[in-house]
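What follows is a set of notes on a single structure, which appears directly below.
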Amino acid sequence: MTILRMPARPGRMVALLAYGLVALILAGVLGVWATGVLLARENRLPVRVTHASHARADQLAPGHCLKTLPEDGTVGVVVVVPCDQAHKAQVIKVWELPGEAGARPSANSWQSEIDYNCNAGMLSDAPADLGFVVWIPTQSGWESGDRRAVCLAEATALTSSLLG
């Protein structure tokens, strides 16, 4: 057997360092992205806000008061205000809808669950013009695992919490 000593190749060392640097950068970017996703899911507003705040539907919790309700359709960002300020709606309850992955069931299939979880019996003082709105996941939200339903009580002019 003969031992051959190979001279060091500077080009190979530079390539290894470059690959290592790229891997390190990718790991950092993925780490920042994953942290952002987790924080966005856990980024809940305090129930008692002190000033108007923009929020996504997945940040809402029972007790939040909404300045206005969006038109029918997909919910984007809403404005949450302190409940002692004029507002049009309040989140009464948030719960998980039953159902398997795949096609989202129709809202009619959840009607008894909606009636049970979203009713005036949950409120301390209901105005005469009280109505209810329920937000359910979109089809794409359902496919990505969103199962949250949000019950909101709405009235013409609210200036206090409905949840006593």
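The values are calculated or read from the model by the stated rules, or taken from the named source; none is laboratory data. What you see is a predicted model; the values in this text were computed from it and never measured. Note that each Cβ is placed from the backbone with ideal geometry, even for glycine, and that neighbours are counted across all protein chains shown.
Things worth noting here:
- Of all residues in region 65-122, those satisfying the criterion of being of a type in the set (S, T, N, Q), touching a residue at least 24 places away in the same chain (Cβ under 8 Å) and closer than 19 Å to Thr50 by Cα are Gln85, Gln90.
- In region 21-43 there is no residue matching the filter, namely being surrounded by 10 or more Cβ atoms within 10 Å (Cβ to Cβ), among the acidic types (Asp, Glu) and modelled with pLDDT of 50 or more.
- Qualifying positions in region 54-92 - surrounded by 17 or more Cβ atoms within 10 Å (Cβ to Cβ), over 15 Å from Pro137 (Cα atoms) and under 15 Å from the mean Cα position of the chain (by Cα): Ala55, His64, Val78, Val80, Val91
- For region 94-117, the criterion of a residue being modelled with pLDDT of 95 or more, within 18 Å of the chain's Cα centre (by Cα) and aliphatic (A, V, I, L, M) is satisfied by at least one position.
- Cβ-Cβ distances below 8 Å connect the following pairs, each with a first residue in region 144-164 that is touching a residue at least 60 places away in the same chain (Cβ under 8 Å) and exposed (fewer than 14 other Cβ atoms within 10 Å of the Cβ), a second residue that is in a loop (DSSP other than H, G, I, E, B) and among the acidic types (Asp, Glu), and a separation of six or more residues or different chains: Thr156/Asp129; Thr159/Asp84.
- Positions within region 115-143 being surrounded by 14 or more Cβ atoms within 10 Å (Cβ to Cβ) and assigned to a strand (DSSP E or B), in sequence order: Phe132, Val133, Val134, Trp135
- Tallying residues that are in contact with a helix residue (DSSP H, G or I) (Cβ under 7 Å, 6 or more places away or on another chain) and farther than 12 Å from Leu162 by Cα within region 103-137 yields 4.
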